[in-house]
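The values are calculated or read from the model by the stated rules, or taken from the named source; none is laboratory data. Just so you know, these numbers come straight off a predicted model, no measurement behind them. With ideal geometry, Cβ positions are generated from the backbone for all residues, glycine too; neighbour counts draw on all protein chains shown. Areas reflect the complete protein model, heavy atoms only, side chains present, ligands, DNA and RNA absent. Shrake-Rupley method; radii C 1.70, N 1.55, O 1.52, S 1.80 Å.
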Amino acid sequence: MEKRLKLVSRGMQAAMASVVVAGVLTGNLTWVPAAAVSLAISEVPSLLRRDLRIVLPVELNLWIVLALFLHVIGGVSGFYDNLPGWDHVTHAMSSSLIAALGFVIVAALDKYVESIYLPTPFLSLIIVMFTMAMGVSWELMEYVIDEISGSNMQYSLSDTMVDLLFDLLAGLIVAVCGMYYLRYGSRDRFVDSLQLDEAKDRVVAAVKRSKEQ
């Protein structure tokens, strides 16, 4: 099953790469920047595994690629214009993904940084705030791309605000689920599966080498 999920992820990455290549060759650059950025982001889990030995669950990796893929394909295929609700679905999915990544970060900090103590309800608030911050950053990126390439990712102020509301809803859902998991689940086993101890050792060794130079 794991190999199949990885194969699906690679297939979607290949499709995004094809959008970049086809756009450059045909001179239709409207969605090339978004496809290129999405493709780069989708490679982050692989880079983390290669450089820091941080292993994200294969399901989370697939979720990352799928969210980016749906955004790019929706733009190239015209789904944002012709398929009602596509924009809101992709934003909700992307935001829930961001919230899930925020949960991973918070869970790791809660275990490894002894000087930091955050009550579980406040951890959930951080997840929501992190999700909204990333949502706003994405809207700013879309605005910049529209100005540079002449695309129309942001249709109107109302559309942008509805997207942010979906971001908030997705963040709240993941925050509630995360709060339940932190209270009743096996947090340590989940964090241990990420192999963060090895990553921490690598970072510490790199810092020591930089100080010695």
MET1 of a type outside the set (Gly, Ala, Ser), in contact with a Phe, Trp or Tyr (Cβ under 6 Å, 6 or more places away or on another chain) and either open to solvent by 50 Å² or more (accessible area, probe 1.4 Å) or modelled with pLDDT of 90 or more (or both) = no
inquiry  = Take ILE127 and tell me if it is under 25 Å from GLN154 (Cβ atoms) and of a type in the set (Val, Ile, Thr).
reply    = no
inquiry  = Here is a list: LEU62, LEU47, LEU70. Which entry is in a helix (DSSP H, G or I) and exposed (fewer than 14 other Cβ atoms within 10 Å of the Cβ)?
reply    = LEU47
ask   = Do we have any residue at all in the stretch 194-206 that's at pLDDT 80 or above and open to solvent by 80 Å² or more (accessible area, probe 1.4 Å)?
value = no
request  = Name the one entry in VAL136, VAL174 that is over 19 Å from LEU56 (Cα atoms), at pLDDT 70 or above and not charged (D, E, K, R).
outcome  = VAL136
ask   = With respect to SER9, is the statement that it is surrounded by 19 or more Cβ atoms within 10 Å (Cβ to Cβ) and under 19 Å from VAL89 (Cβ atoms) true?
value = no
request  = Show the residue pairs that are 6+ apart or on different chains and have beta-carbon atoms under 8 Å apart, the first residue being within the stretch 55-66 and at positive phi, the second being open to solvent by 30 Å² or more (accessible area, probe 1.4 Å) and charged (D, E, K, R).
outcome  = none
request  = Could you tell me which of the residues VAL144, VAL113, VAL76, VAL72 is among the β-branched types (Val, Ile, Thr) and closer than 27 Å to VAL176 by Cα?
outcome  = VAL113
inquiry  = Any residue that is among the β-branched types (Val, Ile, Thr) and in contact with a helix residue (DSSP H, G or I) (Cβ under 8 Å, 6 or more places away or on another chain) - is there at least one of those in the stretch 107-115?
reply    = no
remark   = Restricting the stretch 33-43 to residues that are in contact (Cβ under 8 Å) with a residue 40 or more places away in the chain and surrounded by fewer than 22 Cβ atoms within 10 Å (Cβ to Cβ), the one nearest to the chain's Cα centre (by Cα) turns out to be VAL37
ask   = For SER186, which of the numbered conditions (1) small (Gly, Ala, Ser); (2) modelled with pLDDT under 85; (3) under 24 Å from VAL37 (Cα atoms); (4) surrounded by fewer than 13 Cβ atoms within 10 Å (Cβ to Cβ) fails to hold?
value = (3)
note = Among residues of the stretch 12-31 being in a helix (DSSP H, G or I) and in contact (Cβ under 8 Å) with a residue 40 or more places away in the chain, the residue least open to solvent (accessible area, probe 1.4 Å) is MET16
